[in-house]
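Single-structure report; data block below.
The values are calculated or read from the model by the stated rules, or taken from the named source; none is laboratory data. Everything numeric in this text was worked out from a predicted model, so none of it was measured. Every residue, glycine among them, receives a Cβ derived from its backbone with ideal geometry; neighbour counts consider all protein chains shown. Each accessible area value is taken on the protein alone, full model and side chains, heavy atoms only, with ligands, DNA and RNA left out. Shrake-Rupley method; radii C 1.70, N 1.55, O 1.52, S 1.80 Å.
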Amino acid sequence: MGGDAHNRTMPVSTDYPKLAAGPVGKQIHSIYQSRLRQFTDGGQYREQGLLGKLNEATVSGSDWIKLSVYSPPNLSRPTFKDATSHEFKATEVGNWFGPSWSTHWFKVHLTVPKHMVDKQHLEFEWDANCEGMIWTKDGDVVHGLTGGGERTQWVLPKEFRDGKEHLFYVEIACNGMFGNAPGGDSIQPPDPNRYFQLHTVNITAVNLEARGLYFDFWEIGDAAREFPGESWEAHEAQQVANRIMDAFIAGGGSQKSIVEGRKIAREYLGDVNSHKVYESDKEAIVTGIGYCHIDTCWLWPFAETKRKVARSWSNQCDLIDRYPELRFCCSQAQQYKWLEQYYPSTFDRVKKKVKEGTFQPIGGSWVEHDTNLPGGESLVRQFLYGQRYFESRFGQRCKTFWLPDTFGYSTQLPQVCRISGMTRFLTQKLSWNNINNFPHTTFNWVALDNSQVICHMPPCETYTAEANFGDVKRSVSQHKSLDQDKTSLLVFGKGDGGGGPTWQHLEKLRRCRGMADKTGLLPRIKLGDSADDFFDRLEKKVEQGTELVTWYGELYFELHRGTYTTQANNKRNNRRSEIMLRDIEYLATLATIKNDFGKTSSYKYPKKDIDDMWENVLLCQFHDCLPGSSIEMCYDDSDEIYEKVFTTGEKLLADALAELGFDHDIKADSKLAALNTLPWSRTEIIKLPSIASLPSYGLAHGQGLSPMEIRPLASPYSAHTASIKQTKPDVFELRNSQYVVEVSKGAITSLYDIAADRELIPKGSKAAQLVIYDDKPLYWQAWDVEVYHLQSREELEPSKVIISEDSPHRVSLEIETKISDKSWIKTTVSLPAVVGNVPSSIEIDAEIEWQETMKFLKVEFPVDIVNTEASYETQFGIVRRPTHYNTTWDMAKFEVCCHKWADLSEATYGVSILNDSKYGFAVAGNVMRLSLLRAPKAPDAHADMGRHHTRYAIFPHAGGLTEATVRKAFELNNPLRIVGHKQSTNTDPSRLNSFHIHGAPNLILDTIKRGEDDEDVSRGELPVKKGQSVILRIYDALGGKSRGVLTWGGLKVKSVWKVNALEDEIEKLSVGMVEVEGKETKGAKLDVRAFEVATFKLVL
């Protein structure tokens, strides 16, 4: 056995000692690991370790740095030109500046001392514990400062080494990176009286070798601590780190010992002194992307964000020059526009970097907006305005939608992305879920219409990674889609309050890459590629057969559910402004058609005013503004912004109506008309203006998108009247020809459908019942409502119920309810008379005085309907969600977002709840619950305090959910506008009634506007297109593939094109004679997929 092995002679080492030199013990792993902290610790061994060697020399004081200050009054933020024109007064280090939100400008006269002139690397250090910005004497921003030890150094220009005095300015803002919250809890309301001490102003000569060793040691120490304990790589890291310390001690901390330490580090890291570390041909699976998340408002007002942008982006331009591997991306066209307006020289630097490919505009949207609450057209306009800005300024559109921090993602977003030129999407917010763990990292996200985008959620689960060893490691260890693709993005940089990547981040990542190449085990990271490069590779893999998993429908965020309700006034203004803009664009389009595009009158499509309105509305849809999670100053700002929108909007409406032959202001002799801006016929009893000769009510009837004739109702119309009576103490009966409503003690105890012979309220239940809950989430007050709040339900009992209106046209019951000593609610339950067979609803108007603390007000509607799913309106469609708590995924949706309606239906009958300004809803079993108001105290101590008005309605319907609910909700939100006909008008009524879709009642003609680049509309940002066009946006509201016919009345239409949301032509439609309701007319046949958003361009 063993063959001829016994014939071999083995070589014997002649150097191996025969005798033991002495005992050598096994290293105690934990002790030698703990020892590592001594080397870079700021404690008792600081001067014996590496920290004491980082700087070669430091000087301060007025011999080298002379300071003077100008403090602008009234918390103003003056421009450079204004600030520097004032008198500056001498000041010094140690002085305090404030209060919160004030600005102070410092004039700095700096002289580099002779003994430092030849040092390798000089930095100016400034720390006042608050944000700041360094300006050249010529008024250019060169650097941003964070304060509090973060981003406090500016590399001095070489020309400062001439021994002469040099002038520059520092502008400080008296707020930290996260505003001015007291006591370290950043979401508490800001302290208005914070003061900041200027404690450090130095010139420092940096020992670059010592700084390099500091980062070498940091990453090797992390490897020793964070690599698996059984791996040789972890043990090797610990040995290398201890050897570095031993060499430093042996050399007495000399420069030679520091150089020796770096040499030892190279055994583990390789050469990490430049960007060339990334140039090896080994495959990298993690792509590092620099990013700077700047909340457009949050714990600071909009005005401060403008400065945060300049601070952050000037730093990034500087970093790109120093670290060529950095690829930096930034979203939000609004922030680029602010930079262009207020900091043009910095914008020019950014523009240059964009051209070079190192600074990447990304996202395609106007701001990083909320996606639950804005209407469908707002989602489209976020991209229309964002993409047009990026294309006009940088010559490129964005391909990747970038939204890392928004509170859930609407089900139609993939479709809106695709029609706006984007095929991929990045977020990470679902990693914050507090119930279920989202199961994917890289996947296809599919919309209601089956459109899809590639979605990637960085496995590091943050958009503000500190670029640590652990961040790179987690980019694989937390990757949930490794079966399909192993690559990932690491998004790093200071964020929320701005900042972006730092030089420290880039030094750390160089070492992570060096370690991966030299030693292994750590995932290999690559810098130098853009986010689009990463997604391009993913798309290529899919084209070549990689099958990514799919996720259909909304990306529901299992946290921050309170944001559907907080700051109710802000949400009401959003809804109101969206509706107003729709009407303005429609009427202005008709007005330009009427005057033959400026040939017969001076009226022009008010493109600039419309753009300004839209940009303001889109700005307020930012993901901390519209959801209600910002400080009070932000809502003071948004109130002003909306007031401006409404003032402009009323003027634009008046101008368009005047051009169309109507009076906005009704006079005693005006011939009245009701303007219907919805695309279907309406017949309604409406309240008439208080003019002496008129009765209280009139009957309006007419076609869609047209002025409707009004017939004053001096007596009951037909036999269909409404009635009200008291049947018992505290019991009232309201009746029309469709329903009998019984109200007992202020709540609806019976709702009987006469035609269906069906009772809708379960026995013993109460609909329109106001309920209040204790509302104390785990931490995020304005953001969250937790499931346990449901256990604190308390019914509110009315104090007074009276008949407030008893006419044949409408009957009403007024109910007063005391909530507390300071809060009350007055609800008016009304039932209108029925006209013909037009379906009616039970309408409720609520006026609320709200002065509560951490309470949640809702209204309940228990109904005799059974279904395991309820339907909710979302943008351009419907979301169906469970009414049960079978699984934790079901239970997590205990509070959800809806728009104008929610519906619970069986096959034979259903009930819809409509609203005019609310977004929070829940259906649990058979109880439908509309959320009305919350009362959080952080970050706005006065959120929602004050007077509120809202309307909601119960809309029962025979059969399942149909277009009747969709239309009724639109009508509640779009009350008929009463206008006067001008006496001498030649308005052709058919002009107002041009556009119609026939044969498909599920198709909604949602938007009518002019083409963005028409020659009489364009503002010149992009190439002008000859001629005139009208853009029509249509969507299927119910989820059924449809064929409709589009007609345009007497308009002369040359051609019809299907276009995308950016108005690029996709496909020419055939135009010809079509049969509509037995008549031949010009039109085009439309095929629309289920839940498709389809846009058409009519060339006139």
Within the stretch 877-896, the residues that are open to solvent by less than 10 Å² (accessible area, probe 1.4 Å) and under 22 Å from the mean Cα position of the chain (by Cα) are G877, I878, A892, E895, V896
In the set W101, W135, the lone residue that is on the phi > 0 side of the Ramachandran plot, aromatic (F, W, Y) and buried (at least 20 other Cβ atoms within 10 Å of the Cβ) is W101
For the stretch 407-422, the count of residues that are touching a Lys or Arg at 6+ places or on another chain (Cβ under 6 Å) and not aliphatic (A, V, I, L, M) equals 1
Turns out the strands (runs of 3 or more DSSP E) fully within the stretch 888-982 with at least 3 residues that are within 28 Å of S186 (Cα to Cα) are 927-934
Within the stretch 673-704, residues closer than 23 Å to W1048 by Cβ, in contact with a Gly (Cβ under 7 Å, 6 or more places away or on another chain) and not in a strand (DSSP E or B) come out as L678, P679, W680, S681
Of the residues in the stretch 431-446, those that are under 19 Å from the mean Cα position of the chain (by Cα) and crowded, with 22+ Cβ neighbours inside 10 Å come to W445
In the stretch 549-560, residues that are aliphatic (A, V, I, L, M) and surrounded by 20 or more Cβ atoms within 10 Å (Cβ to Cβ) total 2
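Quick check on the stretch 836-862: of everything there that is among the aliphatic types (A, V, I, L, M) and farther than 19 Å from A969 by Cβ, which residue is farthest from the chain's Cα centre (by Cα)?
Here the answer is I848.
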- request: Answer yes or no: is there a residue in the stretch 488-496 that is among the aromatic types (F, W, Y), open to solvent by less than 10 Å² (accessible area, probe 1.4 Å) and touching a residue at least 12 places away in the same chain (Cβ under 8 Å).
  value: yes
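Mind listing whichever residues of the stretch 356-368 are part of a loop (DSSP other than H, G, I, E, B) and not aromatic (F, W, Y)?
G357, T358, I362, G363, G364, S365, V367, E368
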Contact list, first residue from the stretch 419-437 and within 15 Å of H479 (Cα to Cα), second anywhere and open to solvent by 20 Å² or more (accessible area, probe 1.4 Å) and of a type in the set (S, T, N, Q), beta-carbon distance below 7 Å, six or more apart or interchain, is Q428/T462
Of A1061, A1084, A1090, the only residue that is free of Cβ contacts under 8 Å to residues at least 40 places away in the same chain and surrounded by 13 or more Cβ atoms within 10 Å (Cβ to Cβ) is A1084
The residue from G520, G545 that alone is within 22 Å of D471 (Cα to Cα) and in a loop (DSSP other than H, G, I, E, B) is G520
Just to be sure, is D784 of a type outside the set (S, T, N, Q) and under 31 Å from the mean Cα position of the chain (by Cα)?
-> yes
- Query: Would a scan of the stretch 782-791 turn up a residue that is surrounded by 14 or more Cβ atoms within 10 Å (Cβ to Cβ), under 16 Å from V741 (Cα atoms) and among the β-branched types (V, I, T)?
  - Reply: no
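Across the stretch 192-222, what is the total count of residues that are part of a strand (DSSP E or B) and touching a Leu at 6+ places or on another chain (Cβ under 8 Å)?
Residues meeting the conditions: 5.
Please verify whether the stretch 1035-1044 includes one or more residues that are among the polar types (S, T, N, Q), assigned to a strand (DSSP E or B) and within 22 Å of K900 (Cβ to Cβ).
Yes: one or more hits.
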Expected single match for surrounded by fewer than 19 Cβ atoms within 10 Å (Cβ to Cβ), free of Cβ contacts under 8 Å to residues at least 24 places away in the same chain and not assigned by the TED database to the domain that holds D496 among E267, E279 is E279
Only one of (1) surrounded by fewer than 17 Cβ atoms within 10 Å (Cβ to Cβ); (2) within 20 Å of F302 (Cα to Cα); (3) of a type outside the set (G, A, S) does not apply to E87, and that is (2)
Those residues of the stretch 469-484 which are assigned to a loop (DSSP other than H, G, I, E, B) and surrounded by fewer than 20 Cβ atoms within 10 Å (Cβ to Cβ) amount to Q478, K480, S481, L482, D483, Q484
Restricting attention to the stretch 133-160, the residues that are touching a Ser or Thr at 6+ places or on another chain (Cβ under 8 Å), small (G, A, S) and over 17 Å from C292 (Cα atoms) number exactly 1
Considering the stretch 987-1010, residues that are part of a loop (DSSP other than H, G, I, E, B) and over 28 Å from T874 (Cβ atoms), and then whichever is least open to solvent (accessible area, probe 1.4 Å), we arrive at S994
Would you confirm, using the coordinates I've provided, whether G920 is buried (at least 24 other Cβ atoms within 10 Å of the Cβ), closer than 21 Å to C625 by Cα, in contact with a helix residue (DSSP H, G or I) (Cβ under 9 Å, 6 or more places away or on another chain) and at pLDDT 95 or above? yes
Over the stretch 815-852, the set of residues assigned to a loop (DSSP other than H, G, I, E, B), open to solvent by less than 40 Å² (accessible area, probe 1.4 Å) and over 20 Å from N915 (Cα atoms) is I819, S820, S823, A833, V834, V835, E852
From the option list F160, F106, single residue qualifying as in a strand (DSSP E or B) and not aliphatic (A, V, I, L, M) is F106
query: Before we move on, is S871 under 30 Å from L373 (Cα atoms) and either within 30 Å of the chain's Cα centre (by Cα) or among the aromatic types (F, W, Y) (or both)?
result: yes
*Right, K353: open to solvent by 30 Å² or more (accessible area, probe 1.4 Å), part of a helix (DSSP H, G or I) and modelled with pLDDT of 95 or more or not?*
no
Among E543, E507, the single one that is surrounded by fewer than 16 Cβ atoms within 10 Å (Cβ to Cβ) and over 29 Å from the mean Cα position of the chain (by Cα) is E543
Of the residues in the stretch 173-194, those that are touching a Cys at 6+ places or on another chain (Cβ under 7 Å) and either under 11 Å from I631 (Cα atoms) or at pLDDT below 95 (or both) number 0
| request: With respect to W313, determine if the residue is open to solvent by less than 10 Å² (accessible area, probe 1.4 Å), among the aromatic types (F, W, Y) and in contact with a helix residue (DSSP H, G or I) (Cβ under 9 Å, 6 or more places away or on another chain). | output: yes
